[in-house]
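Remarks on the structure that follows.
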Protein chains: 2
Amino acid sequence: MGYKPKGSMQQTEKQFIENYDIHQYDVPLTMVDMAIFSIIDNKLNVLLVERNIFPEKGKLALPGGFIDKNKDSDLEATALRKLKQKTGVKLSYLEQVESVGNATRDPRGWSVTILYFALIDSAKLNKKLMSRSYWHPVDEVKHIALAFDHNLLVQKAVARLRSKTLYTALPMALLPEKFTLTELQTIFEIILSRKLPVKSFRRRMMDAGVVEATNESKISGKRKARLYKSTGIKKDFYFPRPLQA
Amino acid sequence: MGYKPKGSMQQTEKQFIENYDIHQYDVPLTMVDMAIFSIIDNKLNVLLVERNIFPEKGKLALPGGFIDKNKDSDLEATALRKLKQKTGVKLSYLEQVESVGNATRDPRGWSVTILYFALIDSAKLNKKLMSRSYWHPVDEVKHIALAFDHNLLVQKAVARLRSKTLYTALPMALLPEKFTLTELQTIFEIILSRKLPVKSFRRRMMDAGVVEATNESKISGKRKARLYKSTGIKKDFYFPRPLQA
DNA sequence: CGAATAGTGTCTTTTAGACACTATCGG
DNA sequence: CCGATAGTGTCTAAAAGACACTATTCG
């Protein structure tokens with residue numbers, strides 16, 4: 001493919017860049033929103049923030065906001081900055097879900113949001129949230145009119161989390177470093193809203209080597225249960241077969 | 001959750017929106033790029049366009065460009081408009097891959113691109129392309145310095161196509177309406193760069209009901225082969241187990 | 001010991017891979 | 001009938017589900 005750029009330029013590229021002014025173009029708004037999940041009281045919860053500025057002032061919304069060209073080196077940096085600014089919590093997992101952009105989702109005009117989803121380990125939940133931030137069970141969010149199209153965004157993020165739960169061991173990120181297999185299974189069951197067979201679940205986790213036994217035990221119910229920890233298997237590990245949908 | 005917005009607004013939302021001027025903000029560039037794939041000469045090809053404007057003038061790039069707030073109702077509309085404008089071909093499949101945004105990918109400044117990937121049925125390839133559009137085998141693209149970070153974008157799109165090929169029957173979209181199972185298998189093998197076991201492949205497609213036999217046959221080699229067509233199973237069908245990676 | 005929770009043994013089911021086999025067609 | 005391509009029969013292997021079973025601890 002002996003391809004090479006052609007010559008004969010009227011203007012140099014350098015000149016072009018210097019004269020380039022984004023403000024002469026009619027650009028869309030571009031922002032980042034985050035669906036941050038945690039398990040509270042045996043329910044999957046998502047973090048919502050009460051908006052205190054227009055538009056949609058007073059409504060609940062996903063944490064998020066505009067890209068700051070000076071502060072953010074990339075989209076993930078925007079997500080992390082917004083997270084810190086609005087919640088002060090530390091993440092266990094962050095992944096881009098998808099982007100939604102159209103003419104009608106924001107009254108300020110054509111806008112694009114890049115949606116991220118994040119998981120927080122329940123051990124870190126002691127820290128208090130910033131003001132106007134509240135955890136809401138995702139099952140109840142559908143009955144609240146969120147700002148903009150954020151009900152849809154929550155749905156998309158939950159769908160991604162469920163899908164990953166069928167194929168991977170990602171929900172470990174919702175637990176502290178050491179956990180029992182029963183605790184892990186419970187988290188899976190909460191996310192999927194159904195019971196899983198005990199034997200299958202344990203075999204799946206052990207055989208794939210995503211968890212490793214520690215020497216410690218923990219007693220929460222009647223009998224001691226062994227504590228396990230993640231083997232730190234790489235984030236992109238997929239089980240050979242999904243859990244049955 | 002008896003949540004409801006609080007009152008006592010200094011300014012009305014309507015006033016806020018009317019006074020809102022995006023140009024007072026330092027916003028990033030936002031655009032859509034597309035990785036359009038087709039099979040040519042038993043190779044997976046991607047469509048590239050020679051840029052005839054700054055920046056990166058003369059280099060090859062994925063088809064794409066800025067959102068037009070007046071013409072496009074949503075991101076997919078931008079993708080389809082760019083496609084038509086630059087190639088004039090009709091798509092079999094379109095899906096968002098992911099968004100990439102950072103301060104350095106475009107010399108004009110902080111920019112975000114929403115990447116789509118598309119498949120074109122080889123029967124539609126007779127139509128001639130717009131000028132300066134060329135099909136390139138994806139294996140060779142890694143040796144060409146594309147504009148911006150488009151080498152990376154091609155890689156991401158190819159990875160998505162390969163992943164979908166392991167889990168779904170998506171590659172049917174690269175074939176005309178009627179095809180033999182051998183032809184379909186060949187397409188899979190091209191995308192995955194490896195041979196697949198014949199018996200497994202046919203059983204997988206038939207048992208899942210993603211293809212349906214027609215009464216017609218086709219003779220291309222030594223023996224007639226039955227023609228099949230897609231059962232139009234929904235786009236989000238996943239086989240119970242992936243092909244072995 | 002009984003109740004409750006943790007954890008296992010083992011059979012079946014599903015679906016992929018291996019691979020030898022049969023079928024059909026042109027020359 | 002030979003060679004090549006299309007297509008099948010059937011065994012094995014991997015991993016999930018079903019479900020009865022055993023193990024440990026507290027009171």
Checklist (1) within 16 Å of DNA strand C (Cβ to nearest atom); (2) at pLDDT below 95; (3) within 14 Å of another protein chain (Cβ to nearest Cβ) applied to B:P240, failing item: (2)
Count of the stretch B:131-159 residues which are farther than 21 Å from B:N102 by Cα, of a type outside the set (F, W, Y) and in contact with a strand residue (DSSP E or B) (Cβ under 8 Å, 6 or more places away or on another chain): 9
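Residue-wise test of (1) more than 25 Å from B:D72 (Cα to Cα); (2) modelled with pLDDT of 95 or more; (3) assigned to a helix (DSSP H, G or I).
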| position | (1), (2), (3) |
| --- | --- |
| A:D72 | yes, yes, no |
| A:E76 | yes, yes, yes |
| A:A79 | yes, yes, yes |
| A:L83 | yes, no, yes |
| A:V97 | no, yes, no |
| A:V100 | no, yes, no |
| A:G109 | no, no, no |
| A:T113 | no, yes, no |
Qualifying residue in the stretch A:49-72 (condition: touching a Phe, Trp or Tyr at 6+ places or on another chain (Cβ under 6 Å) and over 20 Å from B:V27 (Cβ atoms)): no
Flag for B:L170 being more than 11 Å from DNA strand D (Cβ to nearest atom) and either closer than 18 Å to B:K235 by Cα or aromatic (F, W, Y) (or both): yes
Only one of A:A145, A:A159, A:A123, A:A118 that is in a helix (DSSP H, G or I), at pLDDT 95 or above and either assigned by TED's automatic domain parsing to the domain that holds A:L44 or open to solvent by 60 Å² or more (accessible area, probe 1.4 Å) (or both): A:A159
Residue list for the stretch B:169-224, filter: within 23 Å of B:I120 (Cα to Cα), assigned to a helix (DSSP H, G or I), within 13 Å of DNA strand C (Cβ to nearest atom) and open to solvent by less than 80 Å² (accessible area, probe 1.4 Å): B:Q185, B:F188, B:E189, B:L192, B:F201, B:M205
In the stretch A:53-93, the residues that are in contact (Cβ under 8 Å) with a residue 60 or more places away in the chain and under 18 Å from A:A173 (Cα atoms): A:S92, A:Y93
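Test A:L166 against the criterion of being closer than 18 Å to A:S38 by Cβ and surrounded by 15 or more Cβ atoms within 10 Å (Cβ to Cβ), and give yes or no. Working first, answer last.
Numbers: closer than 18 Å to A:S38 by Cβ: no; surrounded by 15 or more Cβ atoms within 10 Å (Cβ to Cβ): yes.
Against the criterion (closer than 18 Å to A:S38 by Cβ and surrounded by 15 or more Cβ atoms within 10 Å (Cβ to Cβ)), A:L166 does not qualify.
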Selection from the stretch A:225-237 of residues that are more than 8 Å from DNA strand C (Cβ to nearest atom), in contact with a helix residue (DSSP H, G or I) (Cβ under 9 Å, 6 or more places away or on another chain) and open to solvent by 90 Å² or more (accessible area, probe 1.4 Å): A:K235
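Any residue in the stretch A:217-227 that is closer than 16 Å to A:L170 by Cβ and more than 6 Å from DNA strand D (Cβ to nearest atom)? Don't jump to the end; show me each part of the working.
Taking the stretch A:217-227 first, the residues closer than 16 Å to A:L170 by Cβ are none.
The answer is no, given that none of the residues of the stretch A:217-227 is closer than 16 Å to A:L170 by Cβ and more than 6 Å from DNA strand D (Cβ to nearest atom).
The values are calculated or read from the model by the stated rules, or taken from the named source; none is laboratory data. Note that the coordinates shown come from a computational prediction; the quantities given were computed from them, not determined experimentally. With ideal geometry, Cβ positions are generated from the backbone for all residues, glycine too; neighbour counts draw on all protein chains shown. To get the accessible areas, we keep the full protein, side chains included, count just its heavy atoms, and leave off ligands, DNA and RNA. Shrake-Rupley method; radii C 1.70, N 1.55, O 1.52, S 1.80 Å.
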